[in-house]
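Below is one structure; the comments refer to it alone.
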Amino acid sequence: MIVDQVFLYNLVTSAVAVIERSEYKQIKSCEFVDPDLLRMAMENGFVVPAEEDEIEKVLAIQRMNNYSTRFAGFQILPTTACNARCFYCYEQSYKAVCMKDAVAKAIPSFIESYMGMVDNVHVTWFGGEPMLEIDRIYELSNQIIDMSEKHGIGYTSDIITNATLATADVVRLLVHDCRVSQAQVTLDGLAEEHLRRKAYISKDVTFDSVLLAMDAFVEQGAKLLIRLNIDRRNYRDCLNLIPLLGERYKGLDTVMLYAAPLYGSGNQEDFFTEDDLSEIYKSVFYAMIDAGFIQTVDGLPLNFNNATCSAQMINNFVIDPSGDVFKCEHLLTEGRQRIGNVFEGVLFNEAMVEWASPNIPAKCRKCVFLPSCQAGCYAAETLNFGLKRCPHIAFITDAIVDAAGYLLGCKSHIDRSF
Ligand code: SF4
Ligand code: SF4
């Protein structure tokens, strides 16, 4: 067992160090007797030159990433219809609309107009349940892939799906013909609770059929990202689910798992508050470590994150089934957030201008989480959902440090004075 050592984590460099307490004292006081320690501390960002403005550096890196022309991303909703009825879904108020042929015909040219200026195009299939329109996905994927090959640029794709329609044949088509390399699937607990929450329209969908569909993605070589939506009512269920998933996907580093606190419509009293989260996530992280989903401290969610808000990336767009173009998938019902359509292209209108030069609130400039959350979620703040602008990672430091201690085999204590 490691005794009296200090775990250091740097949010700007994502560097991790386990050092002796005497070394920690030198770093904290910035008075070094060991030149090697000073070098290590500087190389990993634990000590920075007095004249360096780290906040502006973080914001400059964010701007460079957001204005990068290496990449264009398109989140395409072939439909807003869904075959599940999750009580918490923010799309519940949306009208179920499927993409018409005229819109689908215009999408490849809209996307191609970006291909001359980027190295890679990425498409995310989202809905509703996107697989309700699998033919549309197939047809559009083929056209966009052909165009990207003609332009000599890369093409990648992922899908956010409830996996209810993912038969082995469909998954094969998605992974190999449509080049979908990752599927994100949400589970809401063990079988009974999951089915209760998802309220699938078809009684043929079972918890096991969803798990088999998830397996199909893994077997075809795609990555599988499992999201657990947790609130007070299903949290224990999800804790019990984690070891089962660990057993099912043992030794597979293509399967990833994370838990997200649930917000949305539903009984607000069931949702966790900011104060609850650290305690809750302690158990979640322990279960994920025991199940093999987190194997090193790098697997804990406090890294420098350069792409927290895809809407702020200048060449990232959401295309709804009517062909309207937005920056953020949470703002599709906000008329003023529409920045154009696939027929006429994107306007540099008021919404686009705001996304291109987002306001960084004063509180974020003073916040230690800025490198990791990049000033949070504008949509959550504007629409007043969830924890507003701040992501849940801002409230689970104790749990992360505790989990790091568990991984490193030492007891944890947080020194917030650093
Ligand atoms: S955690 Fe909240 S205050 Fe801190 S940078 Fe993120 S959004 Fe801003
Ligand atoms: S504003 Fe929020 S929901 Fe919208 S893309 Fe950014 S982080 Fe995501």
Problem set entry | Phi to ³J(HN,Hα) by Karplus 6.51 cos²θ - 1.76 cosθ + 1.60 over the stretch 325-331, Hz, x for Gly, Pro | 10, 10, 9, 10, 5, 8, 10
Seminar exercise, completed: The convex hull of the Cα atoms of the stretch 172-317, divided by residue count, gives a volume in Å³ per residue of 157
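Could you tell me which trypsin sites (Lys or Arg not before Pro) in the stretch 71-106 are loop residues by DSSP with no more than 15 other beta carbons within 10 angstrom of their beta carbon?
85, 95, 100
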Exercise. Based on the alpha carbon coordinates of the stretch 298-339, what radius of gyration and maximum Cα-Cα distance (Dmax) apply, in Å?
Worked result: 13.4, 41
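Rounded to the nearest angstrom and ordered from largest down, what semi-axes does the equivalent ellipsoid of the stretch 14-122 get from its C-alpha gyration tensor (root of 5λ)?
For the stretch 14-122, the ellipsoid semi-axes come out as 50, 22, 11 Å.
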For this session: With +1 on each Lys and Arg Cβ and -1 on each Asp and Glu Cβ, and nothing else charged, work out how big the dipole of the stretch 66-418 is about its Cα centre, in Debye to the nearest 20.
Result: 560
Seminar exercise, completed: Expressed in Å to one decimal, the Kirkwood Rh of the stretch 5-52 from all distinct alpha-carbon pairs is 10.8
For this session: Determine the dipole magnitude for the stretch 354-402: charges of +1 sit on the beta-carbon of Lys and Arg, -1 on that of Asp and Glu, nothing else is charged, the reference point is the Cα centre, and the result goes in debye to the nearest 20.
Result: 200
Exercise. Among the lysines, which have Cα under 26 Å from the Cα of residue 327 when same-chain residues fewer than 8 positions away are ignored?
Worked result: 57, 95, 100, 105, 223, 363, 388
Exercise. In whole Hz, what ³J(HN,Hα) sequence does the stretch 399-407 give by Karplus (6.51, -1.76, 1.60; θ = phi - 60°), x for Gly and Pro?
Worked result: 5, 5, 5, 4, 5, 4, x, 5, 5
For this session: Can you run the Rg to Rh ratio on the stretch 53-207? Use alpha carbon positions and the Kirkwood inverse-distance Rh.
Result: 1.04
Seminar exercise, completed: Computed from every Cα-Cα pair in the stretch 174-222, P(r) in 5 Å bins starting at 0 and rounded to whole percents is 5, 19, 26, 19, 15, 13, 3
Problem set entry | Over the chain: helical MRE at 222 nm, DSSP H runs n ≥ 4 each giving -39500 (n - 2.57), nearest 500 | -11000 deg cm²/dmol
Seminar exercise, completed: For residue 71, other-chain or 5+-apart residues with amide H closer than 5 Å (H placed, Pro excluded) are 119, 120
Problem set entry | Candidates per GluC sites (Glu not before Pro) in the stretch 1-82, loop by DSSP, up to 16 other Cβ within 10 Å | 31, 51, 52
Exercise. Antiparallel as a % of all DSSP beta bridges within the chain, to the nearest 5?
Worked result: 25
For this session: Select from the stretch 18-95 those chymotrypsin sites (Phe, Trp or Tyr not before Pro) which occupy a DSSP coil region and have at most 13 other Cβ atoms within 10 Å, ordered by residue number.
Result: 67
Exercise. Out of 275, 398, 324, any idea which swings most in a Gaussian network model of the chain, alpha carbons joined below 10 Å?
Worked result: 275
Problem set entry | Long-range amide H partners of residue 14 with built H, under 5 Å | 304
For this session: Starting from 0 in steps of 10 Å, tell me what percent of the Cα-Cα pairs of the stretch 47-101 lands in each bin.
Result: 17, 24, 16, 24, 11, 7
Exercise. Hull surface divided by four, with the convex hull built on the Cα atoms of the chain: how many nm²?
Worked result: 21.4
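Coordinate-derived values only; no laboratory data. For clarity, every value in this text was computed on a predicted model and none was experimentally measured. Here Cβ is always computed from backbone atoms with ideal geometry, including for glycine, and neighbour counts include all displayed protein chains.
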